[in-house]
Amino acid sequence: MVIVEGDVRWHHGQTLAAGQVVEFKVWAELVRQSMGGLHLFLPLRDMGIDGVVHRLADGAYLPVQVKGRTSLTAAGQVHITVTASSMVDDAALVVATVVDSDQLGRFVLVVDEATFRSLAVHDTVEGREYLTAAFALHEGGESRWAPHLVARESLAERFGATVAAAATAEDWRAAPGVDRGREGFLGEMEVVRRLAEAQSLNLFRPFPDLETVEVLSRHVSTHRFIGLQVKTVGWDQAHLENRVYVRRSSFRPAASTFICVLGWNRDSSRFEDDCLLIPSVELASVARVDGEWMVLEVEPGSAKHRRLDRYRVSLPSLGSTVESMPA
């Protein structure tokens with residue numbers, strides 16, 4: 001396939017490898033500079049967004065596409081060429097630069113997709129439209145890209161980062177002999193599987209897993225984000241757990257965040273048919289306070305969940321329920 005201006009030199013495998021290098025260096029800079037103020041979600045399936053940056057200060061989710069090269073052109077510029085069809089969200093941020101030895105270039109282009117489209121050179125090759133940005137890595141100048149160049153050390157600031165308080169390790173309060181971490185992981189993967197059945201949802205997981213939201217969904221049409229914290233309540237004949245603990249100091253309620261509680265029957269190794277989907281902003285009204293914890297009391301194996309019954313959702317319909325939430 002013929003590619004416009006300069007990209008013919010790039011073998012497909014080299015392009016992919018360079019893109020991965022730049023992506024992870026961008027993520028590393030954002031995490032390092034923000035000191036926990038920005039959290040990263042990576043996609044479980046490639047649907048046009050390379051990652052989502054969660055700004056903890058205000059709860060905003062920022063979809064990001066990362067573009068990069070491992071060398072400059074003979075003119076000392078970074079040339080980025082993308083297909084017009086890959087620009088899937090006008091509000092998503094394009095982050096583009098070069099990898100200079102073991103770090104990002106001194107300056108990074110940060111611009112929303114709508115602006116990228118308006119400033120880029122448009123070419124059509126064999127019926128496909130391509131967009132090209134060419135910019136030098138220095139301040140000032142008359143380039144139309146200059147206002148969107150950010151010094152590497154100010155990258156997190158461009159994303160609105162503020163330093164977050166240190167996270168506190170979770171206390172699972174598990175019964176002796178129960179592998180609570182394994183059961184929690186099973187619950188998270190079950191939620192991912194159910195959400196994956198909804199064709200309009202793009203799913204992301206936090207890396208590392210340090211915050212309230214454990215599974216993030218993004219509707220590909222409405223661009224609405226829904227974050228889920230997953231809690232798994234397990235029981236068998238010897239161990240009965242009927243409480244869900246949420247640490248008050250690290251919990252960050254938001255209109256886009258929900259608590260999803262699954263029931264796990266250890267004796268039959270299966271999940272219950274129903275789950276709970278509780279808006280995080282309503283958690284305080286249905287939980288009781290026990291010291292530093294908010295505690296939900298449920299009835300494992302029962303179709304009723306005391307005061308929580310109005311939040312009950314059929315587990316097989318979890319994907320369609322989240323998919324149909326209004327923008």
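The values are calculated or read from the model by the stated rules, or taken from the named source; none is laboratory data. Everything numeric in this text was worked out from a predicted model, so none of it was measured. We place every Cβ from the backbone using ideal geometry, glycine too, and count neighbours over all the protein chains shown. Heads up: the accessible areas ignore ligands, DNA and RNA and are worked out on the full protein's heavy atoms, side chains in. Shrake-Rupley method; radii C 1.70, N 1.55, O 1.52, S 1.80 Å.
Looking at the P(r) of the range 176-297, how many percent of alpha-carbon pairs lie beyond 18 Å?
54 percent
Label-to-label distance, Asp309 versus Ala91, with points set 7 angstrom from Cα along the beta-carbon direction: 3.8 nm. For the chain, the longest principal axis of the Cα atoms and the long axis of helix 180-196 meet at an angle of about 60 degrees. If R0 equals 22 Å, the separation of the Cβ atoms of Glu299 and Arg270 corresponds to a calculated FRET efficiency of about 0.80. In the range 16-64, the portion of solvent-accessible area held by carbon and sulfur atoms comes to 60 percent [1.4 Å probe, whole percent, DNA, RNA and ligands not counted].
Accessible surface computed residue by residue for the chain, with neighbouring protein chains in place and a 1.4 Å probe, gives 47 Å² per residue. Summing +1 for each Lys or Arg and -1 for each Asp or Glu among the other residues whose beta-carbon sits under 12 angstrom from that of Val111 gives +1. Karplus-derived 3J(HN,Hα) values for the range 36-46, using 6.51 cos²θ - 1.76 cosθ + 1.60 with θ = phi - 60°, are x, x, 10, 10, 10, 10, 10, x, 8, 8, 6 Hz; glycine and proline are entered as x. Rounded to the nearest 20 debye, the dipole magnitude of the chain is 400 debye, with +1 charges on Lys and Arg beta carbons, -1 on Asp and Glu beta carbons, and the Cα centre as origin. If one takes the longest principal axis of the Cα atoms in the chain, at what angle in degrees, from 0 to 90 and to the nearest 10, does the Cα axis of helix 12-34 lie? On a 0 to 90 degree scale, this one is about 60. For the pair Arg224 and Leu42 in one chain, pulling the backbone fully straight at 0.36 nm per residue adds 63.9 nm over the alpha carbon distance. Counting only DSSP H runs of at least 4 residues, each contributing -39500 (n - 2.57), and dividing by the residue count of the chain, the helix-based mean residue ellipticity at 222 nm comes to -5500 deg cm²/dmol.
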